[in-house]
Amino acid sequence: MSIVIVNKISELREIIKKEKSAGKKIGLVPTMGCLHNGHKSLMLKAVQNADFTVISVFVNPIQFCPGEDYDKYPRTLDSDKKIAESAAVDVIFAPSVNEMYPGLEKFSDLTMVVPPYELTDIMCGKSRVGHFDGVETVVSKLFNIVQPDIACFGMKDIQQLFLIKKMVKDLNFPVEIIECPLVREESGLALSSRNKYLSEKEKEYALSISKTLFLIGEAVKNGIIDTKKLLDIALTNLNKNVELEYLEFVNKDTFEKIDEINHTAICAMAARVGDVRLIDNIIIEV
């Protein structure tokens, strides 16, 4: 059976109701489309762990900050469909903005799900104020619409993953979050929909991001655990054409900033190459 594209919440709910009544386990992969092999790895994991899999393709306006790339963010539903079909997904949910946020004249009127300030005043949340409010709001809506048993999220958006897991726990969503490994291009560059914006020369510059993170991982293996010294290593090795936004070290379990690597940690980076903002991270086991 070929994949079905659904635009209406009511139609999707009827489909889900029928599948649940047949005893099927429902899987969800939330995306903004412009799918790549990183997304495909999430879909394959969902298909592996559920009987019926839905992916959402929705460029969510409320998670973009002023001046960001909402208007030019790639909309590629035709190619997205082919990738989803190759992963044996059952349904693509591709709603309009009005379907997801009906009748709103301005988004400030919308009831939002807001994560704790101390967990968003770091890393991506610090420069993208309100971004995670938009993420958690749309994900909570998708959970309510799809009623999934499992949902798959990638570790590239490591802060997002942590906050979604906390939201599920705090708000008692009956859904299991499956975290999936970050997927890289052969070169080492973290797969991202925004890689499409990069020229070939900019892609070469961007490789410095993952190379720098890998150097930090090696430095920790060699006994350097002071995060200030690790930051110095990063600044020394990062390509001059890469503009660092942040490089932070946090405890993987609590997301608290750390001064020494003495527990499983996350080293996360955001940087700009030209006009393109990229994120990447590594998990450091000790």
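Can you tell which of L247, L213 is buried (at least 16 other Cβ atoms within 10 Å of the Cβ), among the hydrophobic types (A, V, I, L, M, F, W, C) and outside any helix (DSSP H, G or I)? Quick ask: steps written out before the conclusion?
Details: L213 fails: outside any helix (DSSP H, G or I).
When all the criteria are applied, what remains is L247.
Write out, first by first residue and then by second, each pair whose Cβ atoms fall under 6 Å of each other, whose residues are 6+ apart or on separate chains, and whose first residue, in segment 81-109, is open to solvent by less than 70 Å² (accessible area, probe 1.4 Å) while the second is among the basic types (K, R) and in a helix (DSSP H, G or I).
I83/K40; A87/K40
In segment 198-227, which residues are among the charged types (D, E, K, R) and either touching a helix residue (DSSP H, G or I) at 6+ places or on another chain (Cβ under 9 Å) or touching a residue at least 24 places away in the same chain (Cβ under 8 Å) (or both)? Spell out how you get there, then give the answer.
Residues of segment 198-227 that are among the charged types (D, E, K, R), as a first pass: 200-204, 211, 218, 221, 226.
Matches in segment 198-227: E202, K203, K211, D226.
Quick one: in segment 196-210, of everything that is at pLDDT 95 or above and buried (at least 16 other Cβ atoms within 10 Å of the Cβ), which residue is farthest from D275 (Cα to Cα)?
For segment 196-210, the residue satisfying everything is S210.
Return the residues of segment 35-57 that are closer than 17 Å to S79 by Cα and of a type in the set (V, I, T); say none if nothing qualifies.
V54, I55, V57
Can you pull out every residue in segment 211-235 that is of a type in the set (D, E, K, R) and within 13 Å of M269 (Cα to Cα)?
Looking only at segment 211-235, we keep the residues that are of a type in the set (D, E, K, R), and these are 211, 218, 221, 226, 228-229, 232.
Listed by number, the list holds a single entry, K211.
With G27, G33, G67 as the choices, which residue is within 30 Å of V129 (Cβ to Cβ) and either crowded, with 21+ Cβ neighbours inside 10 Å or touching a residue at least 24 places away in the same chain (Cβ under 8 Å) (or both)? Working first, answer last.
On the way: G27 fails: within 30 Å of V129 (Cβ to Cβ); G67 fails: either crowded, with 21+ Cβ neighbours inside 10 Å or touching a residue at least 24 places away in the same chain (Cβ under 8 Å) (or both).
The conditions single out G33.
Could you pull out the residue among E99, E85 that is farther than 28 Å from E185 by Cα and either of a type in the set (D, E, K, R) or touching a helix residue (DSSP H, G or I) at 6+ places or on another chain (Cβ under 6 Å) (or both)? Walk me through how you get there before you give the answer.
On the way: E85 fails: farther than 28 Å from E185 by Cα.
Just a single option satisfies the conditions, and that option is E99.
Quick one: how many residues across segment 216-227 are closer than 22 Å to D253 by Cβ and open to solvent by 80 Å² or more (accessible area, probe 1.4 Å)?
Number of matching residues: 1.
Rundown of residues vs (1) more than 21 Å from Q160 (Cβ to Cβ); (2) out of contact with any Cys (no Cβ under 9 Å at 6 or more places or on another chain), yes/no style:
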residue	(1), (2)
I55	no, yes
F58	no, yes
Q63	no, yes
D80	no, no
E99	yes, yes
V114	no, yes
Y117	no, yes
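Report every pair of residues separated by at least 6 positions or lying on different chains whose Cβ atoms are under 7 Å apart, first residue within segment 231-245 and within 16 Å of I279 (Cα to Cα), second part of a loop (DSSP other than H, G, I, E, B) and at pLDDT 95 or above.
L244/L238
Do we have any residue at all in segment 139-162 that's in contact with a strand residue (DSSP E or B) (Cβ under 9 Å, 6 or more places away or on another chain), free of Cβ contacts under 8 Å to residues at least 24 places away in the same chain and in a helix (DSSP H, G or I)?
First, the residues of segment 139-162 that are in contact with a strand residue (DSSP E or B) (Cβ under 9 Å, 6 or more places away or on another chain): 139, 142-143, 145-162.
Those still in the list that are free of Cβ contacts under 8 Å to residues at least 24 places away in the same chain too: 161.
Of the ones still in play, those that are also in a helix (DSSP H, G or I) are 161.
Within segment 139-162, one or more residues are in contact with a strand residue (DSSP E or B) (Cβ under 9 Å, 6 or more places away or on another chain), free of Cβ contacts under 8 Å to residues at least 24 places away in the same chain and in a helix (DSSP H, G or I).
Say we look at segment 30-67 and pick out the residues that are of a type outside the set (F, W, Y) and in contact with a Lys or Arg (Cβ under 8 Å, 6 or more places away or on another chain); which of these is nearest to K126 (Cα to Cα)? First the steps, then the outcome.
Applying the first criterion (of a type outside the set (F, W, Y)) to segment 30-67 yields 30-51, 53-57, 59-63, 65-67.
Cutting the leftovers down to in contact with a Lys or Arg (Cβ under 8 Å, 6 or more places away or on another chain) gives us 33-34, 38, 49-51, 59, 65.
On the way: G33: 25, C34: 26, G38: 25, N49: 34, A50: 35, D51: 39, V59: 22, C65: 12 Å.
Residue satisfying both the conditions and the ranking: C65.
Scan segment 179-195 for residues that are open to solvent by 20 Å² or more (accessible area, probe 1.4 Å) and part of a helix (DSSP H, G or I) and jot them down. Explain how you work it out, then say what you get.
Of all residues in segment 179-195, those open to solvent by 20 Å² or more (accessible area, probe 1.4 Å) come to 179, 181-187, 191-192, 194.
Within segment 179-195, just R194 meets the criteria.
Among what's in segment 110-135 and is in contact with a Phe, Trp or Tyr (Cβ under 7 Å, 6 or more places away or on another chain) and assigned to a loop (DSSP other than H, G, I, E, B), pick the residue that is most open to solvent (accessible area, probe 1.4 Å).
L110
It is to be established whether one or more residues within segment 165-178 are open to solvent by less than 70 Å² (accessible area, probe 1.4 Å) and over 24 Å from T53 (Cβ atoms). Walk me through it before giving the result.
Narrowing segment 165-178 to residues open to solvent by less than 70 Å² (accessible area, probe 1.4 Å): 166-168, 173, 175, 177-178.
Pick out the ones that are also over 24 Å from T53 (Cβ atoms) and you get 166.
There is at least one residue in segment 165-178 that is open to solvent by less than 70 Å² (accessible area, probe 1.4 Å) and over 24 Å from T53 (Cβ atoms).
The values are calculated or read from the model by the stated rules, or taken from the named source; none is laboratory data. Because the structure is predicted, anything quoted here is derived from the model rather than measured. So basically every Cβ, Gly included, is an ideal-geometry build from the backbone, and we count neighbours across all protein chains shown. Protein only, heavy atoms only, side chains kept; ligands, DNA and RNA dropped before computing areas. Shrake-Rupley method; radii C 1.70, N 1.55, O 1.52, S 1.80 Å.
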